[in-house]
Structure formats: C-alpha cells, structure tokens
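Any read-out appearing in this document is the output of simple, stated calculations on the displayed coordinates, not a laboratory observation. Here the structure is a predicted model, which means the values were calculated and not measured. All Cβ positions, even for glycine, are placed from backbone atoms using ideal geometry, and neighbour counts span all protein chains on display.
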Amino acid sequence: MTIEKPEMIEFRDVHKYYGDYHALRGITASIRAGEFFSLLGPSGCGKTTLLRTIAGFEGISSGAVLIDGKNMAGVPANKRPTNMVFQSYAIFPHLTVEENVGFGLRRDPRSKDEKTRAVAEALEMVGLKGYGKRAAHALSGGQRQRVALARALILKPKVLLLDEPLSALDKKIREQMQLELIRLQREVGITFVLVTHDQEEALVMSDRIAVMFEGEIAQLADPETLYRRPASRKVADFIGTMNFLPAKVVAEDANHTDVEVAGFGRMHLSKDQVMAGNGGEGASVGFRPETLTILFDGQQPTDRESMGTITEVVYYGDMTYYDVKLDGTEEPMRISMRNVFGRPVLDIGTRTRVAWSPGALVLFR
Amino acid sequence: MFKGGWFKLYALVYLTFLYAPIILLPLFAFNDATVIAFPLSGFTTHWFTEMLADPTLKQAVKNSLIIAVSSAVIATTLGIFASRASTRYEFPAKGGIMGLIMLPLVLPEIIVAVSLLVVLLGLGVNLSILTVILGHVLICTPFTIAILSSAFQSLDKSLEEAAYDLGETPASTFRLIILPLVMPGIISSLLISFTISLDEFIIAFFLAGTEPTLPVYIFSQFRFPSAVPVIMALGTILVCLSILLLTIAEIFRRRGIAKSGGKDTGGFL
Ligand SMILES: Nc1ncnc2c1ncn2[C@@H]1O[C@H](COP(=O)(O)OP(=O)(O)OP(=O)(O)O)[C@@H](O)[C@H]1O
Ligand SMILES: [Mg+2]
C-alpha cells in the first residue's frame with residue numbers, strides 16, 4: 001500500500017578495487033527516501049566498503065554514487081549530506097557527552113543558546129537526558145551508541161549510515177536497541193542505511209534489504225520476499241534455514257513448471273515460485289522448516305501428506321526442531337513446530353505424518 | 001622459598017650497585033671537606049653557594065638550557081611528522097626509511113659525533129651552539145618517534161573520520177581531535193628529549209667549539225681537585241631534575257594512553 005518514494009541514493013555500476021582486489025563488482029541499486037535499508041552479507045562481502053562510498057571515506061574506481069540526485073564524485077566526506085554511526089562509535093574521548101553531541105554544530109550559525117537546546121533535545125531523543133556533563137570515556141557500550149546516534153542525527157542529515165552499530169552490544173540490549181532504532185527512524189523520517197551480517201537483525205529492522213556476496217548484490221527485496229522467495233539457493237541458505245531436495249523438471253509452459261521430487265511426487269508450480277541460481281547443479285526445491293507440519297492424532301492435512309521417521313529432536317522451549325526422514329527421500333528434513341500447550345514433544349524413531357503444500361516451496365534451477 | 005631468597009638477594013645487590021654511587025653524590029655535596037673520602041667531616045651548603053657564584057658555570061648552564069630546549073622542540077616537531085606519516089600512511093620503502101631514522105638509537109654516539117664533526121668542518125661551518133643542537137636533534141628524534149608513534153598508534157582512525165563526517169576539514173580535525181589526544185605524548189616527548197640533550201656529553205664535547213655545555217664543563221672541572229665538591233653539588237641538582245622530568249614524562253604518556261582508550265604496551269619506564 002506504500003506509495004513509491006523518490007530515490008535518495010543511487011549506485012550506478014559502482015566498482016571498487018583495492019589494488020588488485022575487486023571489492024565491489026558492479027553495484028547498481030537505489031535506496032528510497034525515508035526507508036530503513038540494510039546491507040546484509042557475510043564477512044568480507046563489501047558491505048562496509050559500499051557504505052563508506054556513500055559517506056565519502058572511500059573513493060570508487062568506476063561508476064557513480066548519487067545522493068538526492070547529485071553525483072557525489074569529488075565531494076569530500078565533510079561536504080556530504082550524510083552522517084555516520086561507526087562500529088566503534090568513535091566517541092571523542094577527551095570531550096563530554098554534550099561536547100560530543102554538539103561537535104557537528106561548530107560551524108552552525110545559530111546562537112549558543114539554540115545550540116545548547118538542540119543538544120539537549122538530541123540527548124532526550126536517544127534517552128540520555130541529563131547525561132550531558134558526563135565524560136564520554138566513562139560511558140557503557142549502549143550509552144556510547146546513543147551518543148553516537150545523537151551526534152549524527154543532530155545535523156539532520158539526509159542519510160544516516162550505520163556500520164554494524166549493534167554488534168558490540170550483548171543480546172538483550174541489542175534487541176532493545178533494534179526496536180529503538182526503528183522507532184527513531186520513524187520519528188525523524190531520515191533514510192537509514194544499516195550494515196549488518198546478522199540476518200535476523202536485518203529482517204526485523206529493514207523496509208528493504210540488499211543481500212551481498214563477494215562484492216555483488218545477490219537480491220534486493222523487502223524482508224518477506226527475501227525470506228519466502230529467495231532469488232537463489234545461496235540467498236536462501238544465508239537467510240534462515242531451508243531444506244533442499246533434488247528435483248527434476250518434467251514439464252513447462254509459460255506460467256507453470258511441473259517437477260518431480262523423490263518422496264513428494266509430482267508438483268505443479270506457478271511461475272513466481274521458480275528462481276534461477278541453483279549454482280549449476282540441475283534443479284532443487286526448497287522448504288522452510290515452518291512450512292512443514294507434523295500431524296498429531298486426528299489432525300487432517302490442509303493440502304498433502306507424507307509419512308516419515310523422526311531422526312533428531314532439538315528442544316528450544318517455545319519451539320521444537322525435528323529432523324524427519326520422509327519415506328522415499330535421501331536426507332532428513334528440518335521441521336519446526338511451535339510447542340502449543342498440551343502438545344507432546346515426540347521421540348527419536350517415532351513414525352509420523354507430515355503435512356505440506358506445493359505452494360510453500362521454491363524451485364531453484 | 002629458597003629460590004625466592006636468591007632472587008631477593010640478586011635484586012638487592014643490583015639496586016645497591018646501581019644507586020649507591022648516586023646516593024654518594026648528595027652525601028659529599030653537603031660534606032665539609034675538599035677530599036672525597038669517608039669519614040664525613042661535617043655539614044655545609046658552602047659548595048652550593050660557590051657553585052652559584054661561578055660565571056663559567058652559569059654560561060655552561062645557559063648554553064645547555066638553550067640547546068636542550070631547542071633540541072627538544074625541533075626533535076619533537078620532526079617526531080610528530082614522522083610518527084603521523086608512519087602510523088597513518090603507506091608509502092614506498094616505509095620500513096627502510098623508518099629504520100634509517102631510528103638508526104641513531106643504536107649507533108655509537110662517538111661515531112655520530114666524529115662523522116658530524118668531519119662533515120661540518122668539511123663544509124666550513126663554525127662550531128657553536130647551533131652545531132650541538134643539530135647533533136642533539138639527530139639523536140633525540142628516534143626517541144621522540146618511539147614515544148609519539150605509540151601515541152598516534154593508539155588513536156582510533158574512526159575518530160578522525162567521525163570529525164570529517166561531522167563537517168570538519170583535515171586541518172581542523174588535526175587541531176580539535178588528534179592534537180589534544182596525542183598531547184600527553186608530545187609533552188612526554190619534549191621532556192625526554194630535553195633530558196637526553198641536557199646530559200649528553202660526547203656530541204657536545206666534539207661540536208661545541210668554545211661554548212661548553214654543562215656536562216662538558218663538569219668534565220673539564222674534574223682536573224681540579226678543589227672543584228670536585230662543587231661538581232657533587234651540581235650533580236645532586238641534576239639527578240633530582242632528571243628524575244623529576246622523567247617521572248612527569250611517564251605520567252603524561254600513561255595518561256595519554258588511558259584517555260584515548262588504548263592499552264599500555266610498555267613505554268620507556
Ligand atoms: N583498505 C583496504 N585495503 C585493502 N583491502 C581492503 C580494504 N578495506 C577492505 N578491504 C577488503 O575488501 C573486502 C570487503 O571489505 P569490507 O570491509 O567491505 O567487508 P564487510 O562486508 O564489511 O565485512 P565485515 O562483516 O567483516 O565487516 C574484504 O575482503 C577486505 O579484505
Ligand atoms: Mg564491515
């Protein structure tokens with residue numbers, strides 16, 4: 001239901017070499033105004049490098065980076081309408097919290113009073129009201145993070161860049177900060193570009209995500225599409241868990257593809273379930289663990305049903321993960337079940353019925 | 001137990017050997033006799049007053065101070081440039097160049113002094129305070145680089161980037177962020193090179209011409225037995241001054257590391 005927003009950042013075939021090393025290999029993408037955008041990928045894929053080309057810390061070898069329609073070639077970092085929250089937070093240790101937050105206002109023509117008020121507002125926004133006079137080097141990780149946010153947001157940049165801002169925090173505070181960042185982004189309406197290698201974090205926080213591998217964007221989509229319709233096996237593997245089974249394409253027309261999968265039989269798939277990118281290994285189908293359901297006594301499948309044997313049980317409290325080897329398949333499939341009240345946890349070796357639906361799977365070829 | 005005993009004994013002998021002669025300095029500086037021998041004959045401050053009245057000594061002190069202050073300032077300035085360059089930028093033959101700059105640290109001073117003398121005389125330069133400053137800058141610079149590199153090294157690069165990002169120019173970033181954070185290192189470098197220059201003898205002896213520095217003056221006075229107690233008095237003052245300056249230098253170096261949030265990787269003291 002969202003109206004297509006104008007583009008805030010545009011990459012046009014951006015390449016970056018570090019000596020002989022090809023770190024960015026033709027990035028073409030755009031980031032919309034006011035969206036929470038994430039760059040997600042494994043370590044060393046070039047996320048930080050791409051972020052730094054927006055900030056102006058890293059020059060590009062070819063291509064163009066545009067911010068709000070302006071080509072940034074030759075524009076230095078201190079003249080770009082972007083601000084950055086660094087992974088190490090980069091809080092100036094010899095200044096107070098207040099001086100840190102107000103640092104970017106030095107060249108601002110406003111009066112001293114107005115600046116003081118702006119600093120106080122910024123501190124309040126990040127939940128650090130009354131911390132202004134503290135020495136910056138005496139803050140906790142979470143507090144530093146907030147100071148870094150306030151310091152960057154006080155300049156009202158067009159784009160806020162965040163390089164793994166939560167990776168140094170422990171799990172509880174990280175989850176709390178994730179929600180707070182989302183709230184903050186909605187409040188200020190600034191375009192956020194977040195770098196992360198944590199797929200869960202990206203799914204939770206982003207409007208759209210670019211998944212990167214080895215200097216290239218493998219898929220750019222909203223979290224749901226990314227999860228339900230990953231564009232390649234590699235993306236599917238990186239985001240969440242997916243069961244893969246070898247498949248054989250038996251018939252094909254303009255809108256449908258028919259496949260034969262051992263243990264599941266013949267299936268009639270619609271076009272939007274068919275992806276390229278199986279990595280040249282023939283074809284395979286993928287199931288997410290929650291799209292398969294173990295049927296308990298008396299339950300009826302909504303679509304199809306197979307028989308299998310439980311080979312592994314992993315209990316997580318709210319969930320149980322079962323590995324089930326379906327009759328006729330080679331490898332066990334991972335199935336996740338919510339531990340609803342009154343439902344038993346099954347044992348290894350139990351024979352069980354499994355419900356599934358061809359509509360939930362994705363074909364990679 | 002037994003092992004610990006031997007170590008204690010070793011430490012005791014070591015420290016006695018190191019500090020006993022220095023403790024003798026003030027002992028004889030306040031002793032009422034021209035001969036340096038036990039038993040002590042009485043307390044006097046005579047040697048200190050005599051010291052203050054000597055015009056050649058005053059001139060030597062003045063020369064030494066001029067040389068030490070100039071050498072400290074010049075060597076530290078050079079050290080700032082070199083450490084900044086070596087810790088932040090990559091350039092061809094960096095290792096080789098830095099090695100050459102640090103070489104005087106291990107080169108015998110007498111070799112440095114003699115070669116400088118030959119070159120300066122060959123060039124027809126008159127020996128003066130300036131030539132001593134030149135020599136002292138040469139031997140102090142490696143020390144300043146060693147101290148300042150550790151200060152620049154412990155500086156997180158993203159601090160600089162954050163300052164650019166917030167609208168500062170490279171020059172104002174240097175002034176507002178880098179300089180304050182390495183200031184303790186700079187002060188400690190100034191103090192240490194000042195101390196090195198102040199009691200350096202060989203280069204000063206070779207290059208001073210007719211302008212003796214304090215150590216050269218002291219050496220020349222040892223020919224006259226009557227002057228020895230005065231030298232003891234002077235030595236007492238110098239030892240106190242050196243200890244004071246080195247302590248201040250180390251305090252500043254440690255404070256610098258604590259401030260920029262780095263880990264102490266061991267300094268000079
Ligand atoms: N200054 C540099 N000189 C040479 N190579 C570099 C430089 N910076 C990054 N690289 C290389 O470029 C690649 C991408 O680096 P980048 O920092 O963008 O990775 P990343 O995706 O942010 O990874 P991480 O999750 O580990 O931070 C890496 O292989 C890295 O070794
Ligand atoms: Mg990174």
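Please arrange A:Lys16, A:Lys158 by counting, for each residue, the other beta carbons lying within 10 Å of its beta carbon, fewest first.
The order, fewest Cβ neighbours first, is A:Lys158, A:Lys16.
Of B:Ile74, B:Ile67, B:Ile251, the sequence from fewest to most neighbouring Cβ atoms within 10 angstrom is B:Ile251, B:Ile74, B:Ile67. Over chain B, dividing the summed -39,500 (n - 2.57) contributions of all DSSP H runs of at least 4 residues by the number of residues returns a 222 nm mean residue ellipticity of -24500 deg cm²/dmol.
In plain terms, chain A is cut at each of the GluC sites (Glu not before Pro) found in a DSSP loop with at most 15 other Cβ atoms within 10 Å, and the longest leftover piece is A:5-213. Between B:Phe38 and B:Val114, the FRET efficiency estimated from the beta carbon spacing at R0 = 56 angstrom works out to 0.90. Measuring from centroid to centroid over Cα atoms, what is the spacing of the stretch B:101-175 and the stretch A:295-347 in Å? Distance between centres, Cα-based: 72 Å. For the stretch B:38-63, the residues whose backbone nitrogen is under 19 Å from a point 7 Å from the Cα of B:Phe224, taken along Cα to Cβ, are B:46-63. Checking every one of the chymotrypsin sites (Phe, Trp or Tyr not before Pro) in the stretch A:302-333 against DSSP loop status and a limit of 10 other Cβ atoms within 10 Å picks out A:Tyr316. Selection among A:Phe213, B:Ala75, A:Val250 by position relative to the dipole of the protein assembly as shown gives B:Ala75 as farthest towards the positive end (Cβ unit charges, Cα centre). Can you give the percent of C-alpha pairs in the stretch A:290-356 whose distance is more than 16 Å? Everything past 16 Å amounts to 41 percent. With the biggest extent put first, the Cα atoms of the protein assembly as shown measure 116, 69, 53 Å across the principal axes. For A:Arg288, A:Arg353, the sequence from fewest to most other C-beta atoms within 10 Å is A:Arg353, A:Arg288. Around the amide H of A:Leu292, modelled in the peptide plane, lie the amide H atoms of A:Ser336, all under 5 Å away and 5 or more residues distant in sequence or on another chain.
Just how large is the dipole of the stretch A:193-339 about the Cα centre, in debye to the nearest 20, putting +1 at every Lys and Arg Cβ and -1 at every Asp and Glu Cβ?
Using Cβ point charges on Lys, Arg, Asp and Glu, the stretch A:193-339 gives about 160 debye.
Counting Cβ atoms of other protein chains within 10 Å of each residue's Cβ and taking the mean over peptide B:155-161 gives 5. Applying 0.36 nm per residue to the separation of A:Ser88 and A:Thr241 and subtracting their alpha-carbon distance, the gain on full extension is 52.0 nm. This model, with +1 at the C-beta of Lys and Arg and -1 at the C-beta of Asp and Glu, gives the protein assembly as shown a dipole about its Cα centre of some 1280 debye. Spin-label model, B:Trp6/B:Arg254: points 7 Å from Cα along the beta carbon direction are separated by 3.2 nm.
What FRET efficiency do you get for A:Val204 and B:Ala93 if R0 is 35 Å and r is their Cβ-Cβ distance, rounded to the nearest 0.05? So the FRET efficiency works out to roughly 0.10. Annotation: the antiparallel percentage among DSSP beta bridges lying fully within the protein assembly as shown is about 75.
Taking chymotrypsin sites (Phe, Trp or Tyr not before Pro) as exposed when DSSP calls them loop (any state but H, G, I, E, B) and at most 11 other Cβ atoms lie within 10 Å, what is the longest stretch of chain B free of them, the sites themselves excluded? Counting only loop sites that pass the neighbour cut-off, the longest clear stretch is B:90-221. For a modelled paramagnetic label at A:Glu331, 7 Å from Cα along Cα-to-Cβ, the residues of the stretch A:286-318 in reach, with backbone nitrogen under 14 Å, are A:286-289.
Taking every alpha-carbon pair under 8 Å whose residues sit at least 6 apart, chain B reaches a relative contact order of 30 percent. Can you tell me the orientation of helix A:112-125 relative to chain A, as the angle in degrees between its alpha-carbon axis and the longest Cα principal axis, to the nearest 10? Roughly 20 degrees, rounded to the nearest 10.
Computed 3J(HN,Hα) for the stretch A:51-68, one whole-Hz value per residue from the Karplus formula 6.51 cos²θ - 1.76 cosθ + 1.60 where θ = phi - 60°, is 4, 6, 6, 6, 5, x, 7, 10, x, 10, 7, 7, x, 8, 10, 10, 10, 6, glycine and proline marked x. Modelled this way, with points 7 Å down the Cα-to-C-beta line, the labels at A:Ser140 and B:Leu103 are 5.5 nm from one another. Taking amide H as placed 1.01 Å from N in the peptide plane, the amide H of A:Val362 sits under 5 Å from that of A:Gly286, each at least 5 places away or on another chain.
The mean number of partner chain beta-carbon atoms within 10 angstrom of a residue's beta-carbon across peptide B:165-177 is 6.
Note on the stretch A:208-365: along the principal axes its Cα atoms extend 46, 34, 25 Å, ordered by decreasing extent. Under the criterion of Cα pairs below 8 Å and six or more residues apart, the relative contact order for the stretch A:15-60 equals 34 percent. Once both labels are positioned 7 Å from their Cα atoms along Cα-to-Cβ, the gap between A:Asp13 and B:Ile23 label points is 8.2 nm.
Peptide A:77-83 has a mean of 4 when you count, residue by residue, the C-beta atoms of other protein chains within 10 Å of its C-beta.
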